[in-house]
Amino acid sequence: MIIQKQEEADTKFDNAENAATDDPLPTYSALEASSSSSSSRSTVRPTNYTSISKHCGSIKGTWVINPSLSIPSSVLPPLPEGTSEDARKNLLLETKDGKIEADVTLLPCSVPDNGDEKGRRGKKVVLYAKTSDGRVVFKLHDASTPSNPRRPISLTTITTDAHILLRLPRSFRGPLLLKLRDRKVRFSDEVKAQITTFSEDKGTSKCFLGEFVAEEWGENGEEAWGGDEVIAETRDGSIFVWFDDEVGQEKPKGFFKKIFGKV
């Protein structure tokens, strides 16, 4: 039942993505081949520090990230001069002309974490997706358990002229920094029920998803925060946020109805 629910959610969200960007809807066979996320993730081998950078063209794929997996630096792309290996992103997807569609599952640590047990910034799982021309769709799933927790997530998604659609795991708890120029930030009803909005100023929204505890925030705010975080930025598009297992919306209206479809 859980797998069926996830597949229904993935199919409905794929339809929403295409409606949002006026792309033609894929055929059923295409959806069946590309959107059966639960089954496809089970056949993907875990990896770490994956980097895909294109000058032109879309990026679409399914990744399972194991942040404990050691990868020889000799098989990884070189880092910018002056950058240490500690700054390498666990997943980097970047193109100058094309959409990005990523389905990512985050595994718990398979080896003891020698970092700060509170999950300071250096020990976060860093996920980054950027395009100059195209939408960004980022679906993130959590495969951890209470007895085998994951590391904190740092997710950044950037595009210039299209929508950003995020699906976050229900375990996500942390700040959302959302920047856009002319459109709106749109949360699903279930996400909206768990959002605290601190400010909205000149296209920048600062929110917190999950229970906010001021004592955990610290005097330095975001710089001292050791938990999950999202940064999403678009100049000509809206930002949508769902949980990864959601299927639909209650009473969608107007453009929201076009994006998310009928219940």
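Bear in mind that the values in this text are calculations on the coordinates, not laboratory data. These numbers were taken from a predicted model, which means no experiment stands behind them. Cβ atoms come from the backbone with ideal geometry, glycine included; neighbour counts cover every protein chain shown.
Quick one: P(r) of the range 169-248 from all Cα-Cα pairs, 10 Å bins, percents rounded to integers, in order of increasing distance.
17, 50, 29, 3
With each label point set 7 Å from Cα along the Cα-Cβ vector, what nm distance links residue 198 and residue 74?
4.6
Once each part is reduced to its C-alpha centroid, what is the distance from the range 151-167 to the range 88-110 in angstrom?
With the range 151-167 and the range 88-110 each reduced to a Cα centre, they are spaced 10 Å.
Take peptides 231-240, 191-200 and line them up by average Cβ neighbours within 10 Å, highest first, as a rough protection proxy.
231-240, 191-200
Along each of the three principal axes of the Cα atoms of the range 145-193, give the extent in whole Å, ordering the values from largest to smallest.
Cα spread of the range 145-193 along its principal axes, largest to smallest: 44, 23, 15 Å.
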